[in-house]
Amino acid sequence: MKEIIKKTGINFGLIFGFILSLITLYAFVIDASIFGNMWIMLIPFAVLIVLGLLAIGTAKKGLNGYISFKEAFTTFFVMIALGTLIATIVNILIFNVVAPEFKETVKEIQITKTTEMMESFNVPYEQIDEAIEKLKEDDQFSIPKQMLSYVMGLAIYSIFGLLLALILKRNNPELE
């Protein structure tokens, strides 16, 4: 792996991890209700796309304006792997070490928001009750669930990385 690819991926991964962690820390310290707001939770996706574009663009610039599909995707993947790992570690620490009771606060917010949303779609109360019971039983912040979420996030984010790499690649004609 070229040094510029690794360095760029790591640098942008640190930034991505920091931003994702700030969202969780903000919710923990100031306003837990953001866990129930679907629009706010789209921020990580927007940050992912912007930082992905910047990371690939930076690596491309460092490679004299040319970047292969593999190099572009590798830059993006290093960024998301590191960034989401940092955020996962922060989540594990907050929800399992620092303040395990915060899980219940977030769960109550999610139950309230889910109930409101399902009622607005005129879902029968039996189905609402069933969905709420599943939410109550599930510990989405347990360490195994956090690790599963990390792996699934990598897979989902990788799809966007593949698309960005395909769009931004520019092969050097001298090497062809």
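Each value in this text was obtained by applying a stated rule to the coordinates, not by laboratory testing. Just so it is clear, the model here is predicted, and its values are computed rather than measured. Cβ sites come from the backbone with ideal geometry, for glycine too, and all protein chains shown count toward neighbours.
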So how many residues does the range 61-76 have that are assigned to a helix (DSSP H, G or I) and surrounded by fewer than 21 Cβ atoms within 10 Å (Cβ to Cβ)?
4
Being under 17 Å from Thr24 (Cβ atoms), surrounded by 11 or more Cβ atoms within 10 Å (Cβ to Cβ), touching a Lys or Arg at 6+ places or on another chain (Cβ under 8 Å) and in contact (Cβ under 8 Å) with a residue 24 or more places away in the chain is true for just one of Lys107, Lys103. Which residue is that?
Lys107
Considering each residue of the range 122-168, count those that are under 28 Å from Phe73 (Cβ atoms), without any contact (Cβ under 8 Å) to a residue 12 or more places away in the chain and not small (Gly, Ala, Ser), and give that number.
8
Listed by first then second residue, the pairs whose first member lies in the range 73-84 and is touching a residue at least 40 places away in the same chain (Cβ under 8 Å), whose partner is not in a helix (DSSP H, G or I), with beta carbons under 7 Å and at least 6 positions apart or on separate chains, are Thr74/Met1
May I ask you to list the residues in the range 1-43 that are in a loop (DSSP other than H, G, I, E, B) and under 15 Å from the mean Cα position of the chain (by Cα)?
Met38, Trp39
Please verify whether the range 132-144 includes one or more residues that are aliphatic (A, V, I, L, M), more than 30 Å from Asn11 (Cβ to Cβ) and buried (at least 16 other Cβ atoms within 10 Å of the Cβ).
yes
Within the range 12-33, how many residues are among the polar types (S, T, N, Q) and buried (at least 17 other Cβ atoms within 10 Å of the Cβ)?
2
Just checking, how many residues over the range 34-54 are out of contact with any Phe, Trp or Tyr (no Cβ under 7 Å at 6 or more places or on another chain), surrounded by fewer than 17 Cβ atoms within 10 Å (Cβ to Cβ) and of a type outside the set (Val, Ile, Thr)?
8
For the range 4-62, name all the residues that are closer than 17 Å to Val78 by Cα and small (Gly, Ala, Ser).
Gly9, Gly13, Gly17, Gly52, Ala55, Gly57, Ala59, Gly62
